[in-house]
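**Q** What follows is a structure written as structure tokens; I'll ask about it next.
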Amino acid sequence: MATSTTRRLFPTLRQPLAGLGSLRPCSTSPERLVSVRREEKIAVVTMHRKPVNALNYPMLTQLRDTFEELEDDRSVKAMVLTSDVPNIFSAGLDILEMYQATEESARRFWTSLQDAWSALYNTGLPTIAAINGNSPAGGCLLACACDYRVMAESSKFSIGLNETKLGIVAPFWFVDSFVNVVGQRTAERALQLGTLFPTSEALRVGLVDEVVPGDQVMQRAIAEATEYMKINNTARRLTKQKVREAVTRRFDEERQDDVDLFVGFVTMDTVQASLGKYIEALKAKAK
């Protein structure tokens, strides 16, 4: 049963907007949703779960495993995270992981999201997000976990944490990492309004570090990773650890409470009803 705290933090979903993944059954197969290729000492991690790289349990687990394996591989000196799905970096969380979820499945899903984010946020490797498409909600979360963000120039692309427009509240670790990227005032306004920033605005507020033509995104990401690799590795790693220490410490201390809040929220009858309506709207749109 949802507590009063849960109801206060997570109001009912209100409208179907960007930030939840597409209507696609959750896979239980060992299909590879994440691949790795090497550019000499740089590992390029590519998400390829069509149609929109919706983050489900298998994909999040594969992302976590990939990040951890690369962290342990001494031949890898930097990482680039990208997508090979046209016009999409990641559309965020997979709605079907939340619809008709049991407490057990909801807990497993949210823990997998925490684990994937933590593995990316806390890796000592330099991490560059090569954002070659739209990146709302969970996609923005992954990008903000990286050290540097290069985004494709397009009037059709946007990035941001738009949870309030879905009638929900971004978890504290979404907020903390977002604040560290864009600053307190910009984050406060953007998070309340659920702003999705067009590429030019994302650059202006510092949510991305570069905006380049789409065919140059990977080239610039590799070039930036190479710049990070020129710095003394021990000094750079320890500096990154110190800069991110406060966010990491809070996350470690409060992550179980965060799971409990999510489970209480997503299993509420009102939330399940809203998710059901959203799914029906997606089905009707697909006809």
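The values are calculated or read from the model by the stated rules, or taken from the named source; none is laboratory data. It should be emphasised that the depicted structure is a prediction, and the values quoted were computed from it without experimental measurement. Here the Cβ positions follow ideal geometry from the backbone for every residue, glycine too, while neighbour counts run over all protein chains shown. For accessibility, only protein heavy atoms count, side chains too; no ligands or nucleic acids. Shrake-Rupley method; radii C 1.70, N 1.55, O 1.52, S 1.80 Å.
**Q** Might you work out the accessible area of S200 for me, using a 1.4 Å probe with all protein chains in place, and round it to the nearest 10 Å²?
**A** Only protein atoms counted, so the area is about 80 Å².
**Q** Ok, one more. DSSP loop trypsin sites (Lys or Arg not before Pro) in segment 67-117 with at most 10 other Cβ atoms within 10 Å of their Cβ, which ones?
**A** Filter output for segment 67-117: R74.
**Q** I'd like to check one number: the per residue accessible area of the chain, probe 1.4 Å, reported in Å² as a whole number.
**A** The answer is 47 Å² per residue.
**Q** How large is the Kirkwood hydrodynamic radius of segment 199-277, in angstrom, based on all distinct alpha carbon pairs?
**A** 17.0
**Q** Treating the angle as unsigned and between 0 and 90°, give the value, to the nearest 10°, between the Cα long axis of helix 217-229 and the longest Cα principal axis of the chain.
**A** 60
**Q** Where both residues lie in the chain, what percent of DSSP beta bridges are antiparallel, nearest 5?
**A** Antiparallel bridges make up about 25 percent of those DSSP assigns within the chain.
**Q** Given a 1.4 Å probe and heavy atoms of the protein chains only, how would you sort T111, T61, largest accessible area at the top?
**A** T111, T61
**Q** Against the longest alpha carbon principal axis of the chain, how many degrees, from 0 to 90 and to the nearest 10, is the axis of helix 103-121 turned?
**A** 20
**Q** Still on this model: Pull up the cross-link candidates among the lysines for K230, meaning alpha carbon to alpha carbon under 29 Å and not fewer than 8 places away within one chain.
**A** Result set, ordered by chain and number: K41, K77, K240, K242.
**Q** While we're on this one: Once amide H atoms are placed 1.01 Å from N in the peptide plane, what residues at a sequence separation of 5 or more from V80, or on another chain, have their amide H within under 5 Å of its amide H?
**A** It is A43, V44, V45, I128, by chain and number.
**Q** Could you list the trypsin sites (Lys or Arg not before Pro) in segment 187-231 that lie in coil according to DSSP, counting only those with at most 12 other Cβ atoms within 10 Å of their Cβ?
**A** Passing sites in segment 187-231 are K230.
**Q** How many percent of the accessible area of the chain is carbon or sulfur, using a 1.4 Å probe?
**A** 51
**Q** Here's another thing I want to ask about it. Out of the DSSP beta bridges found with both residues in segment 106-250, what percent are antiparallel (nearest 5)?
**A** 20
**Q** Hull surface divided by four, with the convex hull built on the Cα atoms of the chain: how many nm²?
**A** Quarter of the Cα hull surface area: 14.4 nm².
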